[in-house]
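What follows draws every value from the coordinates through simple rules; no lab data is involved. Only a predicted model underlies this, so the values are computations on that prediction, with no experimental measurement involved. Here the Cβ is made from the backbone with ideal geometry for all residues, glycine too, and neighbour counts use every protein chain on show.
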Amino acid sequence: MAALQALVISALLVWSSYGKLVGPLVGARARRTALKRFVGEDRAEPAFRAVGAVELLLAAMLLLPPVWKVESLATIALSVGFLSYLTYTRIAAPDSSCGCAGSAMAPVTWRSFGRAGLLMGAAVWASTADTGWAASLPGATAVAVVVVEAMLFVALSSELDRYWLLPLRRLKVRLTHPLANTASYGVPLATSEHQLLRSGAYRAVNALLRSGIHDHWDEGDWRFISYTASYDDRQATAVFAVPRLRYEPDEVRVAVVDDESGETLYRPSLLPVLA
């Protein structure tokens, strides 16, 4: 089972590196982290990308034979670095985004520390292996342990909440929320804002927003809510389309539009977008 930890660790590191290396908002994500305070605003993005590159390199090395012990020790050192960084962030910049994994932005919480601690535990376990993962034939018990570990990593990753926790909350809302299936047309703005703030679309562009609600209007089954925003130092407007007559946070759509040219600057690829 110790040998199989390399697979678990590699999967986590690949996912963690993705948000640091891929996408148009890497710079914005970097500036939302404590790196801005730690290394300076100009160096935040290069440092952010460097961490992602190290994670990706280490993940690849863990999958390749034969020096798994050295790679496991490197992962332990990386975990210590993560825990130190999380502690620094929690103390010096508690409002900063974790910047830990994926492309979503999330604050540093006990779940962040728990995930880093679990990574360290997996790395320590991997260092005790006497063979590489490719030479290890997993039995049912080993597979069950790996599945449980994966579930723990998912549960400790707030960036993944929209894939499992939010659907569960959505089901609860459908069963209990008084507006879940309403046909009323007098939906208060506060209700739409409540839904918007719990959407993946809002979390995806939260770092770009520079105001509270700037304007809102209704068209058919949608309520449009706009915020002033900034994208690569360009003045912009973020426009959200929120379901007006039903409570469906996962259906919220967003587009960021340049104020001068009207050009659409950003639309999250993993979310429904404005037509």
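General remarks:
- Of all DSSP beta bridges in the chain, antiparallel share, percent nearest 5: 95 percent
- Cα extents of region 1-95 along the three principal axes, largest first (Å): 40, 29, 17
- Label-point gap, in nm, between Ser84 and Val124 - each point 7 angstrom along Cα→Cβ: 1.8 nm
- Approximate spin-label separation Leu171-Val54, in nm, with each point projected 7 Å along Cα-to-Cβ: 4.0 nm
- For the chain, the longest principal axis of the C-alpha atoms and the axis of helix 5-21 are separated by about 40°.
- Neighbourhood net charge (14 Å Cβ-Cβ; Lys/Arg +1, Asp/Glu -1) for Val54: 0
- Given charges at beta-carbon only (K, R positive; D, E negative), |dipole| of region 43-99 in Debye: 80 debye
- Treating r as the C-beta distance of Phe113 and Leu73 and R0 as 22 Å, the FRET efficiency rounds to 0.55.
- The C-alpha atoms of the chain define a longest principal axis, and helix 161-176 lies at about 50 degrees to it.
- Length added when fully stretched, Glu263-Asp95, from 0.36 nm per residue minus Cα-Cα: 57.4 nm
- GNM on the chain, alpha-carbon springs under 10 angstrom: the most fluctuating residue among Glu159, Glu248, Glu260 is Glu260.
- What separates the Cα centres of region 1-21 and region 81-128 is a distance of 14 Å.
- Counting 0.36 nm for each residue step from Trp217 to Ala144 and taking away their Cα separation leaves a gain of 21.2 nm.
- Calculated log₁₀ intensity ratio I(q)/I(0) where the Debye formula runs over C-alpha points of the chain, q = 0.07, 0.14, 0.17 Å⁻¹: -0.31, -1.03, -1.28
- Ordered from longest to shortest, the equivalent ellipsoid semi-axes for region 28-164 are 29, 18, 12 Å, each the square root of 5 times a Cα gyration tensor eigenvalue.
- The angle between the Cα long axis of helix 68-92 and the longest principal axis of the Cα atoms of the chain comes to about 40 degrees, rounded to the nearest 10.
- Cβ-Cβ FRET estimate between Thr131 and Trp164, R0 fixed at 35 Å, reported to 0.05: 0.55
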